Amino acid sequence: MKYIQYFAAFLLYILLQSCKKDPAEGSSLLASVNVINALAIEDNTDMRVNFTGQKVYYSDVLPHSYFENDGKNNFNGAIAYGVPTNVDLPLKIVKYTDTSTLIYNNTIRFETGDIYTLFMPGDTNVIDPI
């Protein structure tokens, strides 16, 4: 009989704990940023993108090509990135051939579930993100 009471108390404890709701942490929720590489650079149009907010070695970052395939349209230069929300996130992009110079540097606060697009047109001298 004593074991049944312990078992019932344990079950009651488990049931009460499972009903407890934890608030969602804002940084674990995501938004989406579609980056479209439309740079008209003669030699190499690849970019390297850092949306992590961390310091990175751009030589370790995979290149984002002008001929990138997102799986929806062939070679449209678009790739979608999941980014954390409700935090100020620095967005940094460098050219593949010159990782020491930022071609895009901005800090944005993304809202949960929203979809953003960063269109990167231009040439070697003038890159005009939209």
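Computed from the coordinates by the stated procedures, all read-outs in this text should not be read as laboratory data. Note that this is a predicted model, so its numbers are computed, not measured. For neighbour counting, all protein chains shown are included, and Cβ atoms are generated from backbone atoms with ideal geometry for every residue, glycine included.
General remarks:
- Using 0.36 nm per residue and subtracting the Cα-Cα separation, the extra length available between T107 and S32 on full extension is 25.5 nm.
- Spin-label model, Y57/L11: points 7 Å from Cα along the beta carbon direction are separated by 5.8 nm.
- Neighbours of Q54 by Cβ distance under 12 Å: Lys/Arg scored +1, Asp/Glu scored -1, total +1.
- Here the gap between T117 and I4, fully extended at 0.36 nm per residue and compared with their Cα-Cα distance, gives a gain of 34.7 nm.
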